[in-house]
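Colleague: Take this structure first; my questions come after.
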Amino acid sequence: MEVRIEPFFDPATSTFSYVVNAKGYRECAIVDSVLGFELRALRVSTEAADKIASYIREHDLLVQWHLETHVHADHLSGADYLKQELGGQIGIGSGIVEVQRVFREIFDFGSEFEPNGSDFDHLFECGEKFNVGPLVVTVMHVPGHTPADVAFLFGESVAFVGDTIFMPDVGSARCDFPGGSAENLYKSTRRILKLGEETRLFLCHDYPPDGREPICMTNVRHQRHANIHVRDGINLATFKDMRNRRDQSLSLPGLFFPSIQVNLRAGKLPVQNSRGRRFMQFPIDSI
Ligand SMILES: [Fe+2]
């Protein structure tokens, strides 16, 4: 069965989103969609998400799932917006409750925010299987970047790996957000690299060095041979040392606080007050 994958690139956040379906079938999934947010103007933009919606309508597809590989910390999720536009259910790994618990403290959310994942339609367990049309999708828990990261394996030859592995010349995702773990990320990447050598890996981001164009896909064989952080032969201690030192040099993404507070709630924007206005929170000196 041929898997059709349409990538969408958001240059503002270097994020790849995808529409996936089986050729000849209307049912599809949207993976890691983006809602634009301009920090200086404090304005939301639906431009990136609308491109996906146009593609879905143009091809007369039926959205079954909005799949989130994790709670993104560098862009707002378009899942809630696209669900309102196109229907479908929003799903994320069940580890989301742990991420919600951590950030409820950091944001000082009150009792109105229960860390139970109820803003999502479904929480996936590791190993769970579900369908997108005739395609069977298997959920792999791949923690490290966050405790809740999952990869979605469509059939046996296509995987959406979120923020775990990046292109071979970029390496791997950071692990220094609350709940992150370089050791767990190393173990997760080794599990991904045990998939069949020709398995195509679709990435959530690319940060191309030296002016090359962004690329959304690589495969297991190429990663095992050439990934600068996790190719075959690099052991856990070496990876942890590299990852921890590198993470110490990174600053928080510009959209960190807006992204987290929206994405913890499946991409729902803050509730409007009685005057129809929405507000975000920026906790000072909290991380
Ligand atoms: Fe991420």
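Colleague: How many Lys pairs in the chain lie less than 22 angstrom apart by Cα atoms, where the lysines are 8 or more positions apart or on different chains?
Modeller: Lysine pairs meeting both conditions in the chain amount to 10.
Colleague: When the label point is put 7 Å from the Cα of Arg26 along its Cα-to-beta-carbon vector, which residues of region 49-74 have a backbone N closer than 11 Å?
Modeller: Backbone N within reach: 60-63.
Colleague: Counting only heavy atoms of the protein chains, get the accessible area per residue of the chain (1.4 Å probe) and round it to a whole Å² value.
Modeller: Each residue of the chain exposes 46 Å² on average to a 1.4 Å probe.
Colleague: Testing the spin-label approximation: label points 7 Å from Cα along Cα→Cβ at Leu250 and Phe113. State their distance in nm.
Modeller: Distance between the two pseudo-spin positions: 2.2 nm.
Colleague: Next question, about the same structure. Pulled fully out, how much extra length does the chain show between Ile106 and Ala226, if you take 0.36 nm times their separation in residues and subtract their Cα-Cα distance?
Modeller: Length difference between fully extended and current span is 39.4 nm.
Colleague: Separate question: Before anything else, pin down the relative contact order of region 23-153: Cα pairs under 8 Å, at least 6 apart, normalised by residue count, whole percent.
Modeller: 24
Colleague: Pick out, in residue order, every one of the trypsin sites (Lys or Arg not before Pro) in region 247-277 that is DSSP loop and has at most 10 other C-beta atoms within 10 Å; say none if there are none.
Modeller: Arg275, Arg277
Colleague: Counting only protein heavy atoms and using a 1.4 Å probe, what share of the accessible area of the chain belongs to carbon plus sulfur, as a whole percent?
Modeller: Carbon with sulfur: 48 percent of the solvent-accessible area.
Colleague: Would you kindly give the portion of the calculated P(r) for region 78-188 that falls above 21 Å, as a percent of all Cα pairs?
Modeller: I get 45 percent for the Cα pairs in region 78-188 exceeding 21 Å.
Colleague: For the chain, what's the relative contact order in percent, using C-alpha pairs closer than 8 Å and at least 6 residues apart?
Modeller: Value for the chain: 17 percent.
Colleague: Separate question: State the volume of the convex hull built on the alpha-carbon positions of region 3-263, expressed per residue in Å³ and rounded to an integer.
Modeller: So the per-residue hull volume is 126 Å³.
Colleague: So what is the calculated 222 nm ellipticity per residue for the chain, using -39500 (n - 2.57) for each DSSP H run with n of 4 or more, over all residues, to the nearest 500 deg cm²/dmol?
Modeller: Per the formula, -7500 deg cm²/dmol.
Colleague: Under a point-charge model restricted to the Cβ atoms of Lys and Arg (+1) and Asp and Glu (-1), what is the dipole moment magnitude of the chain relative to its Cα centre, in debye to the nearest 20?
Modeller: Computed charge dipole of the chain: roughly 220 debye.
The values are calculated or read from the model by the stated rules, or taken from the named source; none is laboratory data. Just so it is clear, the structure is predicted and the values come from calculations on it, not from any experiment. Reconstructed Cβ throughout: ideal geometry from the backbone, glycine too, with neighbour counts over all protein chains shown. Ligands, DNA and RNA are stripped out before the accessible areas are found, and what is left, the full protein with its side chains, is counted by its heavy atoms. Shrake-Rupley method; radii C 1.70, N 1.55, O 1.52, S 1.80 Å.
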